[in-house]
Amino acid sequence: LCSQADPPSAGGLLSFVRPPMPTPEILHGPEELAAFAATCETALLNGVKHAVAYPVAANSANWPADEIKSKNEALFAKLRNAGNVYALFEADAPEHSPWVLRYVGERKSDGLRQRLTEHLIKKNAKTGSKLFEIQESVSGGKRIAISFIKVAPEALRLYVEETIIAKHKAALPWNTHG
């Protein structure tokens with residue numbers, strides 16, 4: 001819709017008057033999507049937890065990344081393309097102590113091994129990994145474990161991750177963004 005500016009603008013240029021933006025229609029996903037996320041949550045949180053091995057002397061001041069990587073070589077060999085939603089757990093040192101959920105994350109399947117390496121062993125300076133939290137836990141005598149699932153199609157991993165985080169936000173101290 002065009003109208004002559006009033007008073008006429010310099011050079012007689014027309015001004016554009018735009019109608020108000022209509023409110024977009026809200027499109028709701030199928031109910032089955034919520035049920036799918038709940039199934040994924042159960043599989044991730046109640047599934048197999050893989051303990052990560054750390055040297056007894058490992059602490060935040062002495063973090064032997066190469067030795068940690070070597071101790072966990074078999075675990076990390078299984079990770080490539082094995083999952084795309086993962087959880088980090090912490091437990092007290094006695095073997096019978098229950099695992100406590102601390103973090104939920106996602107990564108494309110082909111990047112899971114690298115992302116978990118950044119969280120658990122050694123990180124690139126630019127990542128937002130949880131290595132500091134892991135080091136503090138291990139220094140405090142805690143045990144660390146991971147679990148992972150593979151969500152298909154791959155794009156749904158983001159929805160599943162966000163749904164699980166939203167549900168457990170109060171219990172996920174490592175899922176904070178500063």
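The values are calculated or read from the model by the stated rules, or taken from the named source; none is laboratory data. None of the values given here were measured: they were computed from a predicted structure. As a convention, Cβ positions derive from the backbone with ideal geometry for all residues, glycine included, and neighbour counts pool all protein chains shown. The protein model used for the area step is the full one, side chains on, heavy atoms only, and it has no ligands, DNA or RNA in it. Shrake-Rupley method; radii C 1.70, N 1.55, O 1.52, S 1.80 Å.
Summarising the label geometry, the points placed 7 Å from Cα in the beta-carbon direction at F16 and T127 lie 4.6 nm from one another.
Here the chain has 57 percent of its accessible surface on carbon and sulfur atoms, given a 1.4 Å probe and all protein chains in place. Remark: relative contact order (the chain) = 26 percent; criterion is Cα-Cα distance under 8 angstrom and separation of 6 or more residues. Along the Cα→Cβ direction, 7 angstrom out, place labels at K150 and D66. What is the inter-label distance in nm? Simple spin-label model gives 3.3 nm for this pair. Average accessible surface for the range 1-158: 62 Å² per residue, computed with a 1.4 Å probe over protein heavy atoms with every protein chain in place. Distance from the Cα centre of the range 115-152 to that of the range 47-114, in angstrom? Their Cα centres are 6 Å away from one another. Among 96-102, 162-168, 86-92, the peptide with the highest mean count of other Cβ atoms within 10 Å heads the list, and the full ranking is 86-92, 162-168, 96-102. Subtracting the Cα-Cα distance of E136 and V100 from their residue separation scaled by 0.36 nm leaves 11.4 nm. Ranking A87, A170, N72 by how far each Cα lies toward the positive end of the dipole of the chain (charges on Cβ) leaves N72 at the top. The string of couplings for the range 86-98 from the Karplus curve (6.51, -1.76, 1.60, θ = phi - 60°) is 9, 9, 10, 10, 10, 8, 5, 4, x, 3, 7, 5, x Hz, one whole number per residue in order, with x for Gly and Pro.
Relative to the Cα centre, the charge distribution of the chain, modelled as +1 at Lys and Arg Cβ and -1 at Asp and Glu Cβ, gives a dipole magnitude of about 540 debye. Given the choices [x] 83, 60, 25; [y] 87, 35, 23; [z] 81, 40, 30, Cα extents along the principal axes in Å derived from the coordinates of this structure is entry [z].
Site pair E73 and I165 shows an inter-label distance of 3.5 nm when each label is modelled 7 Å from Cα along Cα→Cβ.
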